[in-house]
Ligand SMILES: Nc1nc2c(c(=O)[nH]1)N[C@H]1C(S)=C(S)[C@@H](COP(=O)(O)OP(=O)(O)OC[C@H]3O[C@@H](n4cnc5c(=O)[nH]c(N)nc54)[C@H](O)[C@@H]3O)O[C@H]1N2
Ligand code: SF4
Ligand code: SF4
Ligand code: SF4
Ligand code: SF4
Ligand code: SF4
């Protein structure tokens, strides 16, 4: 009796233990590169047998320095995600549901897609094929895909925005250089962040966070001060020494108010401005037109009282910031990039640029740097088989026409596809791109996809767009492939990171994107195969490393001591590479994680000021833009932000990241809407109530968080949740506020303006019974 | 004998939470879904605690995020109350947790003033093939027992084994917990608090050093460095 | 049958046969018991996830009920011992009914702890790896001692009655025979028995006081806000006696009604117990007031946070209900003899007290955990159906076991009533006389 009861109890408690088979086999470490965002961190994987059990930063890697962000730490959850497709999937039912897809082999998939591409080409309509690239990393996949497309003969190479465009365009307008500015936070003494997500979803989060640590406490006796200006107490604001709450959309006005005060008190870097800056006073530009001078514009439009009234910041605070900014060693102003989907207004980036110019920190330590391109070899020119007539065809998205600085215009692409004008799109190839979720107009994209006869989605996990595709081709996780990554945006020195496949074979039947395009090229036409003349990714990497060797500069990644040595030598004009042959470079670079050139030649103005005048042009003409229009009665400004774990529209698929959406609220697994207590009281909304947020375009439901972390008359909502795809953990969790965004364009760059939308907020009952 | 301790510099910390995820990955913490998370049942050995305060003028709030692992108290209120000695303090400063002995009474969890102890409300699950990412160094806990930050004690054992195999003494920097290793801001340091030359001892002597809820006499081995002033 | 045997026939009646009421109770209790068993199996299989517990509210109904049941256990043994030692003659018909409560309810109190364990299969570790620095171990020790002592204390006065039953129900000799310890009622046996009872009555009082003191120390020994309090020991003991007396009154009222014992359990008994209840209510209020005033006046923020959550926050409704149920209602009913000397008056007061004391236990356990010292999102605790079913099952099984006891043994101590009738009346009048100045006799 007692025995039987004991056995029963034991049986019950056997269910307490999780039956987990530990990994077996020898241990080894493999170096790779994280591509979960654009950060390009070198990583070190701990392998036990054929399993990857731990990911850490590669200590020799100059970007990660042995550290990782939470996404990188969660990368193993992406590798072993239970919802990665078993292999290629072909749609056999209605669009929009994973259940409509059936397993196919790679041969079937490649034959079907290549067959259609070959047909279109034979019919003389290669331009009907559109490539949309997204994704974070700067690996070979997108580069091979682009080469494939251009050799194929289509101009429609559309890259989804990744948040750096506004800053890059501002740099192009003022310095004449097409690059993402690299901010030397680590050497700065004073940083004025104009609503930037500097310490959250920046373009290279680990690099930026490391720099911040250095800025604050890395230099004995020299502690940097961070002042953050934004209507919301973001995570960056929490780390700042001071949070200056401005009215929504007035960060740029604040910056120009500070600039006006600096000029009025004569605190600007006089010699730098005199020698290198154009446009302080009224001047004639290269085309002979008169441009207003900055001084006049500031005096006319950004007087202290006006800025005070517009931003809601007391004048004495503006004056104090102006004095601090102009007296503290290296002062750096940072534009309002809030993440890969939220580039910020170009005018605000220009305003930040004005402050940096006045502080004289252009191409100076602690200032705005411009990275050199890594000296990779040019790929051999493709055979001239593509007809000249094809080259003349316009791009579907018309990029570059209305706004010369805009390289891609995904929203216009969606319209063009729907309208079928200037011509019909017959095939859409998406590479790690999810525009039906993560773009300025997700609904328009979803509708556009419906009209394209062949949609192919390539990614490691079926995303929202994949659900609308005809083919889902599973691409490998970064730990499953060899790769070569170039400098991440925002890093000031050229970096080439090398990755070896960590897993002996992919978890499922996934393939590297580059390999998929190699295979497609071989199937479509011989000239395409010749345009990609490498046997496989390994051969391509070898080709690149050979070119790197030939460039005779830089060094294999190494310890800080190695770094200092290389810097010293290069400063003295020497090159001491530590490798004698390309083969040696190949071996040693793979063993260390890659190659880089740590030497930065500050003050090389011929390189960084490539305007017609050879000077930094302040472009006061663009700064005279009208103030933000007052919203309609009863509407609130919609403030979007991207929490680091789910920035760029990915990350929600990993449960470890869903659990840490915002440490300030301890928010997880749901979309929330931050409302100031006064605003909430006016709307009759209590903390944790459900609210409907409604714009003229759409409405979403979110959970109210009543908090003084946001100013009154605004509602702040995180971007990154509300997905249909993305697997079990992302699908159906939260809501996508990008759907609310009204079509508006940044007048300077032509980028979508995601900060112009006003919404109504009202209390509702719990959505779908889930309380 | 070393007294292992951690220093967390709040002036460097950006609240990125890499440490939080690193800890979960390193220690085979099971992922929780939305339902468990909403019910306060997601296990996390390290959390960021938001201390929000209204500013001096009562208008502008400030938010201080404090990474909170087990403080490995010198006088831990948790170990005293455990009826079966399933949680104990050892001479190197670790407050250890013995899973096969824990009866799951959750007395230690209620006694810990820092609320850093987690309980296995259900059997941990990993949707296949997620279980392949589990570390072989840390046991998977059964349902019904309490767990918490161990200061990555297994890493000390591994480092010791390595040193012993190579016939040399253990160096301080060979033993680094997962959270400390990944922190991109270098906000966390770890080492022997009793060794006056160690990094943590040096930082611990800083003017900015303080410990959480020190007034309770818990003598934590986690030291925080307060945010500094400009130029200080 | 001799005259004497027939005298207390009414007390034997329930033992002789089980009525419809009993079987109805058996069905209801069996049903609730089975539901509880099912809930328990679900919990064993799926873990404590099936409760409403969370981080930081690690403890909830189970621990509340542990404190509540152990509190009620103070009814019997302690009250009975005090009344015995103070030679309160009115105690005779009520001691047994009270003592049974103690013994039975202790099992359920300990059962609650078992329910609360994440790993009940490892319960024996408490003995194998005992850590005597843990108040939980002190609890195990004191509750076990209390259970042993109370059982003995219940059993000793049962012996003469068991002997009566042995002679009366030959068919149940297998049970009563061994238990009666060959009692024949010789003067020597009586002397030994009474001696033993008095010793036990003395021993049992400090044990009983220690039990609930130690229960309070489970909380008070931690540094948690509004647990870490020096008055928790006496506060818990007072609360225990308070809820215990209410339990006795309720048990008496039920037994009186069910077995028509109006002749034995008279309004005077209810009146006297009601007086005791009134005193305890005042004492309870005094302690509660002292506890809350010092917390509020001291103003330690972490304590104050818990204070506020009770008085005006999430727990305010429960808190003020508790004050009304434990203080306002009982005092109103018991202060006046008109209501106190009635059965319904004391019964209503007792029900109110039980509800109030249940809330009090809940409000001690849960709010302190709900407001942790360091800010974190504290998901509100809402007990699940599993926890409620197990509570219902425990209450039902307790009532049922109590009923079974009345079917096996006389719920009013027959020999003590008789002894009272035969000896004490004279004894008391002599005693009372001895208190008075010697009467001046007429010459
Ligand atoms: N490590 C170290 N310790 C030392 C010394 C040392 O050099 N190094 N020096 C020693 C010496 S010489 C001294 S005198 C002591 C000084 O020791 P303390 O007397 O502790 O000196 P303070 O740090 O100045 O703290 C005085 C407190 O009074 C508060 N206060 C300021 N103005 C007023 C006021 O008008 N009214 C009231 N009620 N409070 C006010 C301040 O905010 C502060 O909290 O320290 C001794 N201890
Ligand atoms: S910053 Fe980007 S690249 Fe680096 S670890 Fe995080 S997700 Fe990966
Ligand atoms: S922090 Fe809590 S769990 Fe850790 S040692 Fe201290 S009391 Fe124990
Ligand atoms: S839960 Fe486990 S470790 Fe904690 S007190 Fe109980 S037995 Fe000890
Ligand atoms: S020391 Fe180890 S166990 Fe503790 S919080 Fe850090 S990673 Fe987690
Ligand atoms: S990893 Fe470092 S910077 Fe990030 S939250 Fe943790 S302690 Fe802070």
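Readers should treat all values here as calculations from the given coordinates under stated rules, not as data from a laboratory. Bear in mind that the values here come from a model prediction, so they are computed numbers and not experimental data. Every residue, glycine among them, receives a Cβ derived from its backbone with ideal geometry; neighbour counts consider all protein chains shown.
Key figures for this structure:
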| read-out | value |
| --- | --- |
| Residue C:114-residue B:128 pseudo-label distance in nm [points 7 Å out on the Cα-to-Cβ vector] | 3.8 |
| Efficiency of FRET from Cβ geometry, residue C:258 and residue C:168, R₀ 22 Å, rounded to 0.05 | 0.60 |
| Antiparallel bridges, percent of DSSP beta bridges restricted to the protein assembly as shown (to nearest 5) | 60 |
| Beta bridges by DSSP in region A:623-771, antiparallel share as percent, to the nearest 5 | 60 |
| Compactness relative to 2.2 N^0.38 Å, alpha carbon Rg of the protein assembly as shown | 1.11 |
| Cα long-axis angle, helix C:232-258 against chain C (0 to 90 degrees, to the nearest 10) | 50 |
| Descending principal axes extents, chain C, alpha-carbon based, whole Å | 81, 59, 41 |
| Between 0 and 90°, nearest 10: helix C:385-408 axis offset from chain C longest Cα axis | 10 |
| For region A:55-171: rounded, prolate or oblate by the Cα gyration tensor [a/c cutoff 1.5] | oblate |
| A:362, B:138 arranged by Cβ crowding within 10 Å, fewest neighbours leading | B:138, A:362 |
| Separation in nanometres of the label points that stand 7 Å from Cα toward Cβ, at residue A:580 and residue B:229 | 6.0 |
| Two-decimal Rg/Rh across region C:127-264, once Rg and the Kirkwood Rh are taken from alpha-carbon atoms | 1.10 |
| Spin-label pair residue B:168/residue A:299, simplified geometry with 7 Å Cα→Cβ offset, distance in nm | 6.9 |
| Fraction of beta bridges assigned by DSSP in chain B that are antiparallel (%, nearest 5) | 85 |
| Chain A: relative contact order in percent, alpha carbon pairs under 8 Å with at least 6 residues between | 17 |
| Which of C:296, A:669 has the fewest Cβ neighbours within 10 Å, and the rest in rising order | C:296, A:669 |
| Efficiency of FRET from Cβ geometry, residue C:85 and residue C:317, R₀ 45 Å, rounded to 0.05 | 0.60 |
| Efficiency of FRET from Cβ geometry, residue A:281 and residue A:309, R₀ 30 Å, rounded to 0.05 | 0.65 |
| Overall form of chain A per C-alpha gyration tensor (a/c, 1.5; a/b vs b/c) | rounded |
| Cα centroid of region B:192-232 to Cα centroid of region C:15-46, whole Å | 59 |
| Scaled radius of gyration (Cα, divided by 2.2 N^0.38 Å) that region C:303-443 gives | 1.71 |
| Normalised contact order of region A:392-476, rounded percent, pairs of Cα under 8 Å and 6 or more residues apart | 23 |
| Computed [θ] at 222 nm, helices only, for the protein assembly as shown once each DSSP H run of length n ≥ 4 contributes -39500 (n - 2.57) | -12500 deg cm²/dmol |
| Fewest-first sequence of A:80, A:423 by Cβ atoms within 10 Å of each Cβ | A:423, A:80 |
| Quotient of C-alpha Rg and 2.2 N^0.38 Å, computed over region A:1-123 | 1.70 |
